[in-house]
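Worksheet: one structure, shown below.
Every number in this text was worked out from the coordinates using simple rules, so none of it is lab data. Here the structure is a predicted model, which means the values were calculated and not measured. Positions of Cβ are generated from backbone atoms using ideal geometry, with glycine treated the same way; all protein chains shown enter the neighbour counts.
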Amino acid sequence: MFYREAGDFKTSYKDDSQTFPIKFDRMRYYLVLIAAFAVVPFVINDYWVNAVFLPFLIYSIAAIGLNILVGYCGQVSLGTGGFMAVGAYACYKLMTGFPEVSILIHIILAGGITAGVCLLFGLPSLRIKGFYLAVATLAAQFFLVWMFNRVSWFYNYSASGQITAPETTVMGVAVTGPATEPWAAYLFCLVFCVACALLARNLTRGMAGRKWMAIRDMDIAAEIIGVNPLKAKLSAFAISGFFVGIAGALFFAVYLGAVEVGEAFGIQKSFLVLFMVIIGGLGSIFGSFAGAAFLVLLPVLLKNTLVGGLGWPTDLAAHLEFMIVGGLIVLFLIAEPHGLAQLWRVAKEKLRLWPFPH
Amino acid sequence: MPEQFIWGLEVLLNGLMAGVLYALVALGFVLIYKASGIFNFAQGVMALFAALTLVGIMDGQVPFAHLINSIFGTEIHHFGWHVPAFLAILLTMVVMVALAWAVNKFVFKHLVNQEPIILFMATIGLAYFLEGFGDIMWGSDIKKLDVGLPQGINGVIDEATYQILGYGFFIDNLDLFATAIAAALVFTLIVFAQYTKQGRAMRAVADDHQAALSVGISLNFIWVMVWSLAGFVALVAGIMWGTKSGVQFSLSLIALKALPVLMLGGFTSIPGAIVGGLLIGMGEKLFEFAIGSAIGGATENWFAYVLALLFLVFRPQGLFGEKIIERV
């Protein structure tokens, strides 16, 4: 009944190659966008923004970035935390160095700087692959975190070693610093999130994305049909770094406000984002959102039911969360290697024929 | 300058000792990787889990006490007995074998023929699960582990070096002991692999799964055996590290240190794991001693990885590894 193509005629190439070719899908997408921009900002409060919406939006961007690298190009990276830290510190240095420039530009520039760093650490991917590469990216993770911890230029020689976001405004509304309204922070991140998702979606279904997928599926075959592995891999690293850098900048500037690098961007963060990509679905933009939502909501839910509802101690709930997340990863890899996105695809297939499946 | 040299020598020796402990963890990786092609990220957590179990059994802790107390509102903590170290080690080994069986039965049996990277990610999931499981089972507070290993400065070496060089070296007894254990362990493993029936079967599986199957070797049995062996190595590593720095979460992070060790030594070589461990241990201590303090200290966090990274570019198969990496 839903998702039916019958009667939905395409009369131009443009119609034929649009992102959501099915009318119902398209309408639902517009509806979600309208709700996100026009309804949610008016009804949310501080708790919802800080516990659910901001982490969801920011992790979605990071997951999209990592998904481009892991899901589309097949290069496993365990350095996401470190690259997010690059974005955060680049943003901090830009914010304090050029306070007269808009924060929008700072965040985009921070993404660009991260892209460069990511490119540098992607160079080994030209010689190695698989988990060898994963270990190489671990080097990035540990080295970058150490560097931001020890080189005091990065945190402007502050005594605590922390970086704190100064107050900035966009069109007169504070988006960073203590005076930020919840809705402003939410909208600010939402704009970036939607822009990133659009960009990523169009990149992955265009020439660049096809090259990445060719490399992922079989690099030698891809090379023979004319894909330059050097360019394809490095562009995946750079673009992935761009998204991850933006996520890191937002994570620091808008979400946390003040950051201590080892705590906020440690190895655990790398794993968290990788898990989002696996659970959500490798090689799917929607999957990045689904995975981020899942892993943001799961701890909140567990905490509310176990600690709030049953009165268990917090550390027990935290350990249980570890077990559940780990178990789910294994379960997903066994039962549904393509993650939540695949479940969604199957559901869609079913819905097309829904009331009369034969 | 001679003073500097002597200090450097002491640092070097201590680095060697630390390297032995890295090598112990790396050994567990190599065993599983050789036999099943699985890169077991959970090795470090297995060491943590083994150490936790050992302490728990020795102290007579009630497993899942925390959970039971929360659900039923009871107040149980200990059985009230103390198990002698040797018996506790045996019991822990039983737990590790059970774990090996469960891991194969519930996880890797279903993932046969998947790509290596999928298996790798599954072990990351396993690591998370085990970490939570161990904490729920035994509690997450930092515990002291004492199975009666010697500790403290070795007087003989201190005396001897003082006599010869005029400066007493500080070498921990535990490190010396760990070195001896590691050497014995490697020797036993090599003998096991070369001269016993099961060891040969293990090598056959490592060579070629299908050929091994066709001559009647049970893959399931070999995998459980290899995971048990890795569990045993993890237990030994857990005892050493646990005695050295207490049983705590950071124990699982030594697994990450073992990765560059493997890069250096090669994924498929037992001697490689040892040499790689020694090189990394030595290298990072010396680097910290010579250059580290000048550029901010705590370089041990990343030195091993960057060394491995550089190494990868020039010799991707490691020092002793087989040439298996496809160049892209």
Taking chymotrypsin sites (Phe, Trp or Tyr not before Pro) in a DSSP loop with at most 11 other Cβ atoms within 10 angstrom as exposed, one finds the longest site-free stretch of chain A at A:158-358
May I ask you to list, by number, the DSSP H helices of chain A whose Cα span along the axis is at least 27 Å and whose average Kyte-Doolittle hydropathy reaches 0.5 or more? A:103-122, A:131-150, A:182-204, A:229-250, A:314-335
All lysines inside 20 Å of B:Lys109 as judged from Cα atoms, apart from same-chain residues fewer than 8 positions distant: B:Lys34
Placing each pseudo-label 7 Å from Cα in the direction of the beta carbon, A:Ser152 and B:Leu67 end up separated by a distance in nanometres of 4.8
Packing rank of A:106-114, B:12-20, where each peptide gets the mean count of other beta carbons within 10 Å, highest leading: A:106-114, B:12-20
Over the protein assembly as shown: helical MRE at 222 nm, DSSP H runs n ≥ 4 each giving -39500 (n - 2.57), nearest 500: -22000 deg cm²/dmol
Taking each residue in B:132-140, count the Cβ atoms of any other chain within 10 Å of its Cβ, then average. What number comes out? 5
Inter-label distance for B:Ala160 and A:Leu104, nm, one decimal - labels placed 7 Å from Cα along Cα-to-Cβ: 7.3
Using alpha carbon centroids, what distance separates region A:342-357 and region A:12-82, in Å? 22
Residue-averaged beta-carbon neighbours from other chains (10 angstrom radius) around B:306-313: 5
Note the count of lysine pairs whose C-alpha atoms are less than 27 angstrom apart in region A:45-265, limited to pairs 8 or more residues apart or on different chains. 5
Hey, which lysines would be in cross-link range of B:Lys143, C-alpha to C-alpha under 29 Å, not counting anything within fewer than 8 residues on its own chain? A:Lys269, A:Lys303, B:Lys244, B:Lys257, B:Lys285
Inter-label distance for A:Tyr13 and A:Phe286, nm, one decimal - labels placed 7 Å from Cα along Cα-to-Cβ: 2.7
Ordered by number, the trypsin sites (Lys or Arg not before Pro) in region B:163-270 that occupy a DSSP loop and have at most 11 other Cβ atoms within 10 Å are none
Relative contact order of region B:10-251 (C-alpha contacts under 8 Å, at least 6 apart) in percent is 37
